[in-house]
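The block underneath contains the structure these notes are about, expressed in structure tokens.
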Amino acid sequence: MTAIEYEVLGAKRLKKRLDLANLSALPLRKYFNSTGIIMTAKAREIAPSDEGTLANSIRFRPVKALGRLPRGIIVEATAPHAKFVHGDMSRKFRQSPPFNRTQPHFPPVEALRGWSERKGLNPYAVQQSIGKKGTPIIPFLRMAFNQSRPERKLLLRIVTLEIEQQFKKGRR
């Protein structure tokens, strides 16, 4: 039996140049944080405002500067009534079917009192109406996702160019 041994010259340098973490860690972190800022701003514009608590509760978790490569970001509304305004936020944007109203439910009258009195409505009547029909939803996070598409495409193009520049630096 014959054996042939060979050595690939420059394999270590090539492997070092192709290391994804070195090439893309910083540009990807900037992309995700910039995307979070854009989507948060858009969602705050779209979110209905009575007292502003819903819009002020919209935040994103910035990507950490160190650690493994980021996979994405989380933009969320933390106000207690956000799920009743937006609808089910646990579903993925692309997988959820279109919907117009939340499921009928009976929220506590105290939670409705401020809003209904500012609108000149009886909070008990509002509660009964929600119990029959649910509430109309405004999927502000989904709308922000869709409306920020051009800005996100531009950011992605910038990231691509930064990664290409980083790769070309390794050639020298």
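Since every read-out is calculated from the coordinates, none of them should be taken as a lab result. Just so you know, these numbers come straight off a predicted model, no measurement behind them. Reconstructed Cβ throughout: ideal geometry from the backbone, glycine too, with neighbour counts over all protein chains shown.
Could you derive backbone 3J(HN,Hα) for the stretch 115-130 from the dihedral phi with the Karplus parameters 6.51, -1.76 and 1.60 (θ = phi - 60°), listing whole Hz in sequence and x where the residue is Gly or Pro?
Taking θ as phi minus 60°, the curve returns 4, 5, 5, 5, 8, x, 10, 7, x, 5, 5, 5, 4, 5, 5, 5 Hz for the stretch 115-130.
So if each residue of separation counts as 0.36 nm, and I subtract the Cα-Cα distance between ARG59 and ASN22, what length gain in nm does that give?
Contour length minus Cα-Cα distance gives 10.4 nm.
List the residues, sorted by chain then number, that are 5 or more residues from ILE58 or on another chain and whose placed amide H is less than 5 Å from its amide H.
THR78
Put a dot 7 Å past each Cα toward the Cβ at LYS119 and GLN103; how far apart are the dots in nm?
2.2
Can you give the net charge of the other residues whose Cβ lies under 15 Å from the Cβ of GLN127, counting K and R as +1 and D and E as -1?
Details: positive: ARG113, LYS119, LYS132, LYS133; negative: GLU110, GLU117.
Result for the local shell: +2.
In whole Hz, what ³J(HN,Hα) sequence does the stretch 62-70 give by Karplus (6.51, -1.76, 1.60; θ = phi - 60°), x for Gly and Pro?
Working through the residues one at a time gives x, 6, 5, 6, 10, x, 5, 5, x Hz.
On a full-extension model of 0.36 nm per residue, what is the gain between ILE158 and LEU69, subtracting their alpha-carbon distance, rounded to one decimal in nm? Can you show the working numbers first?
Numbers: separation 89, 0.36 × 89 = 32.04 nm, distance 1.78 nm.
Here the answer is 30.3 nm.
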